[in-house]
């Protein structure tokens, strides 16, 4: 069970890092497009969040697929051995 927890923690860290990277990147793009010093609006923040979420899903989905398959193989091997 600890290997499952470790892999989930590592994947969660990768997903969080990816999300926040793209969120900040998108916010910076909105600020550069507005050409003012004002903070981004609530709507721009929601759009930046949606864009960051989309990038995160596209990038990290293959990692989840591989992780689930590896965990399934490990569980099946334990069931067969017992």
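Observations, loosely collected:
For (1) surrounded by 13 or more Cβ atoms within 10 Å (Cβ to Cβ); (2) in contact with a helix residue (DSSP H, G or I) (Cβ under 8 Å, 6 or more places away or on another chain); (3) assigned to a helix (DSSP H, G or I), each residue gets a yes or a no:
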| position | (1), (2), (3) |
| --- | --- |
| 12 | no, no, yes |
| 17 | no, no, yes |
| 23 | yes, yes, yes |
| 44 | yes, yes, yes |
| 57 | yes, no, yes |
| 61 | no, no, yes |
| 76 | no, no, yes |
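- Yes/no for residue 38 being touching a helix residue (DSSP H, G or I) at 6+ places or on another chain (Cβ under 8 Å), at pLDDT below 90 and surrounded by fewer than 15 Cβ atoms within 10 Å (Cβ to Cβ): no
The values are calculated or read from the model by the stated rules, or taken from the named source; none is laboratory data. It should be emphasised that the depicted structure is a prediction, and the values quoted were computed from it without experimental measurement. Here the Cβ is made from the backbone with ideal geometry for all residues, glycine too, and neighbour counts use every protein chain on show.
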